[in-house]
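The structure under discussion appears below in the form of structure tokens.
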Amino acid sequence: MSKQLIVEYMPFNPVGSLNESNGAAYGIPGGFVVQGVLQRAGAKNQNGRVYPKQILERECRRYQQEYIDQHRALGELDHPESSVVNLNNVSHNVLKIWWKGDDLCGAVQILDTPSGNILKSLFKAGITLGISSRGLGSVKELRNEGVVEVQEDFELICWDFVSNPSTHGAFMRPTQMNESVNKNKQINKYGKVNEIITSILCEDGKCRI
């Protein structure tokens, strides 16, 4: 079976306050760090896929050694349809991953890059965000109708932050914030997103759009 790009969305609810001091616990004074669930093993997700835990455990060990330990576990703002992380769009770096039952948890530093500053501003404004894993691999349909299983050739690439996940409920948001269900509020929310992004890109008076 040939490998394909596999994209998944997971609920990621940041734990604790969102400020510039929460990175101290990770040796990053003034750093902006969020924690939450990155991936779930052994359960059917919204896309009808199941990730066997032994495969995710293997990929986590590799990701730890090849990326986290080398301080290059980078991800992007929004989800490109590519197997390569684009440095021009990097917004965050994964500092730590650990298992809690079948949930893969992580601590993620938001970087002071152009995309990272946009991401940080969106968090501070209370905008609902999503988080999404990106990987390469093949899948096999199981006997259960509508269920496919990720196979042994799966290779984890990264986790990205996204603005509009296609899977219902797959959003990352501060726990103290309430997700809007009002259509007019939803429109206003995305208008506010555009205002934030524009203000950052044009903060020196020279727009880089």
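Filter the cross-link list LYS100/LYS124; LYS100/LYS140; LYS44/LYS100; LYS53/LYS100; LYS3/LYS140 down to pairs whose alpha-carbon distance in this structure exceeds 21 Å.
The pairs that break the limit, which is 21 Å between Cα atoms, are LYS100/LYS124; LYS100/LYS140.
Return the distance in nm (one decimal) between the two label points of a simple spin-label model at LYS3 and TRP99, each offset 7 Å from Cα along Cα→Cβ.
2.3 nm
Using the Karplus curve 6.51 cos²θ - 1.76 cosθ + 1.60 with θ = phi - 60°, what ³J(HN,Hα) values do you get for each residue of region 124-140, in whole Hz, with x for Gly and Pro?
Karplus values, whole Hz, x for Gly and Pro: 5, 7, x, 6, 6, 10, x, 10, 9, 8, 10, x, 10, x, 10, 10, 10.
Hey, what do the phi angles of region 84-96 turn into as Karplus ³J(HN,Hα) couplings, whole Hz, using 6.51/-1.76/1.60 and θ = phi - 60°, x for Gly and Pro?
Couplings: 10, 7, 7, 4, 5, 10, 5, 10, 7, 9, 7, 8, 7 Hz.
Every number here is computed from the coordinates shown, using simple stated rules; none is lab data. The structure presented is a predicted model; accordingly, all values stated were derived computationally and were not measured. FYI the Cβ positions are ideal-geometry reconstructions off the backbone, even for glycines, and counts take in every protein chain you see.
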